[in-house]
Amino acid sequence: MRQITACRNTLETQITVTLNLDGTGVSKFDTGVPFFEHMLDQIARHGLFDIEIKAVGDLHIDAHHTVEDVGITLGQAFAQAVGDKKGIRRYGHSYVPLDEALSRVVVDLSGRPCLEYNVEYTRAMIGNFDVDLFGEFFRGFINHAAISLHIDNLKGQNAHHQAETIFKALGRALRMAVERDERMAGMTPSTKGTLVG
């Protein structure tokens, strides 16, 4: 089983993430940021990953450090759980609609962090959650997971729907990328012979 626990402790946050890439979509979150947890649940459910996250952060200031550091720690856990990447598909993609909203997410477990994030939310806040923090989450995640991530919201009028399609598509794209490919058994899906670092 590709399962790992990663921790990050700073003066701003204390984060623990347990991730099982070969799970069933079970999740448990305690971050103090309910809408963010709703989005993380989309990754777990649609990726079929088991994810448990405990985060204590300086929410008396705002949610920035908590959301960013969850992204960093989840990225670290993902990189460790994937391991040397031998025998996996490497690439994943997904289009996900939700009513009027439609998003596309494409990932490459390349060993090189790159984020292309093209989303214009129709409002700045979803409840009391600042949508700018999603960018901080994705940057933290890709920098520590060492993946290329392309996110495009193609249409949408409801900001909640826009965000939800993105996170559902991310879960499904990551699920595809980490799947084992029997034809690639023991091989690294790269002409370089490595996808690490």
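Can you list the lysines whose alpha carbon sits under 17 Å from that of LYS54, skipping same-chain ones fewer than 8 residues off? Output for LYS54: LYS28. When DSSP beta bridges are restricted to pairs lying wholly in the range 3-184, around 80% turn out antiparallel. The alpha-carbon of LYS86 sits under 18 angstrom from the alpha-carbons of these aspartates and glutamates, leaving out residues fewer than 8 places away in its chain: ASP22, ASP108, GLU179, ASP181, GLU182. For the chain, the longest principal axis of the C-alpha atoms and the axis of helix 159-178 are separated by about 20°. Counting only Cβ charges, +1 for Lys and Arg and -1 for Asp and Glu, the dipole size of the chain around its Cα centre is about 940 debye. The alpha-carbon of LYS155 sits under 19 angstrom from the alpha-carbons of these lysines, leaving out residues fewer than 8 places away in its chain: LYS168. Calculate how steeply helix 64-82 sits against the longest principal axis of the alpha-carbon atoms of the chain, using the helix alpha-carbon long axis, and give the answer as 0 to 90 degrees to the nearest 10. Once rounded, the angle reads 10 degrees.
Against the main long axis of the alpha-carbon atoms of the chain, helix 132-145 sits at an angle near 20°. Scaled to the globular estimate 2.2 N^0.38 Å, the Cα spread of the chain, given as radius of gyration, is 0.98.
Taking 0.36 nm per intervening residue step and subtracting the Cα-Cα distance, what contour gain separates MET1 from ARG112 on full extension? Intermediate values should be presented prior to the final figure.
On the way: separation 111, 0.36 × 111 = 39.96 nm, distance 2.45 nm.
Between MET1 and ARG112, full extension yields 37.5 nm more.
Any read-out appearing in this document is the output of simple, stated calculations on the displayed coordinates, not a laboratory observation. Computed from a prediction, not measured in an experiment: that's the story for all the values here. Virtual Cβ from ideal backbone geometry, glycine too; neighbours counted across all protein chains shown.
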